[in-house]
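The structure appears right after this line, and notes come after that.
The values are calculated or read from the model by the stated rules, or taken from the named source; none is laboratory data. Keep in mind that what you see is a predicted model, and the values were worked out from it rather than measured. Neighbour counts run over all protein chains shown; Cβ positions are idealised from the backbone, glycine included. Remember, those area values only see protein heavy atoms, side chains included, never the ligands or the DNA or RNA. Shrake-Rupley method; radii C 1.70, N 1.55, O 1.52, S 1.80 Å.
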Amino acid sequence: VVERTGLVEVDIEGGSIVRRIKAPEVGMPNDVAVDGAGGVWVSDMRGNRIYRLIEGALEVWLSGAAIEKPNGIHVLNDELLIGVNGDQSVKAANLDTGEIRTVARLGEGIIDGVQDDGDGNIIVSHWEGRVFRIAPDGSVTRILDTSVLEEMSADIEYVPERDLLVVPTFIGNRVTAYEVGP
């Protein structure tokens, strides 16, 4: 779990905090992603950096203008997907080399959640209430828009087996699930 000073390891079954790991030069830690091998990454939106957990400590893994204002992150295959608000894009950083490529640009809005749908597409939420699907070729389709209802969306979760998009809202204290289909 991310908190304002870094990362918190929680024992889910016991409901207790195991340890807190402070991030160096912390700005605003925002999201956490875990790969299949147990690697852990944390975005820092105000610090313009991505941390990696190494031997129990958070270390800066990526930083700079290419990932200005990183928010939502998600591991997909051998890349870390990063919602970059500095240029309203989704970027992918190779987990081994840190090499960054642009996947798609979304236009105006605050990128919050980044997930994959299990079929090669990326699902991305804008805080303002819009959710997009990015196809492997980089084309972007809006699949949900609650902005007219002023239902600002937070980070999202996608359940591929059910084509289910789960969206917590900032206003209204609720979580809504949508069947979005392929």
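Side notes on the structure shown:
- Cα centroid separation, the range 33-70 to the range 90-149 (Å): 18
- Total formal charge among the other residues, if their Cβ is under 10 angstrom from that of GLY113, Lys/Arg +1 and Asp/Glu -1: -4
- Neighbourhood net charge (10 Å Cβ-Cβ; Lys/Arg +1, Asp/Glu -1) for ARG20: 0
- Values of log10 I(q)/I(0), in the order q = 0.11 Å⁻¹, for the chain under a Debye, Cα-only, solvent-free model: -0.45
- Contact order for the range 76-161, expressed relative to its length and based on alpha carbon pairs under 8 Å spaced 6+ residues apart, stands at 21 percent.
- Using a cutoff of 8 angstrom between alpha carbon atoms and counting only pairs six or more residues apart, the relative contact order for the range 118-181 works out to 23 percent.
- Å³ per residue enclosed by the Cα convex hull of the range 1-69: 84
- The mean accessible area for residues of the range 107-162, using a 1.4 Å probe and ignoring ligands and nucleic acids, is 47 Å² per residue.
- With N as its number of residues, the range 122-182 has a Cα radius of gyration that, divided by 2.2 N^0.38 Å, comes to 1.07.
- Isotropically averaged projected area of the range 56-102, using the convex hull of Cα atoms (one quarter of hull area), nm²: 3.5
- Potential lengthening of the chain between GLU161 and GLU68 amounts to 30.1 nm, from the contour at 0.36 nm per residue minus the alpha-carbon distance.
- The range 29-127: C-alpha gyration tensor shape, a/c 1.5 cut-off, then a/b vs b/c: oblate
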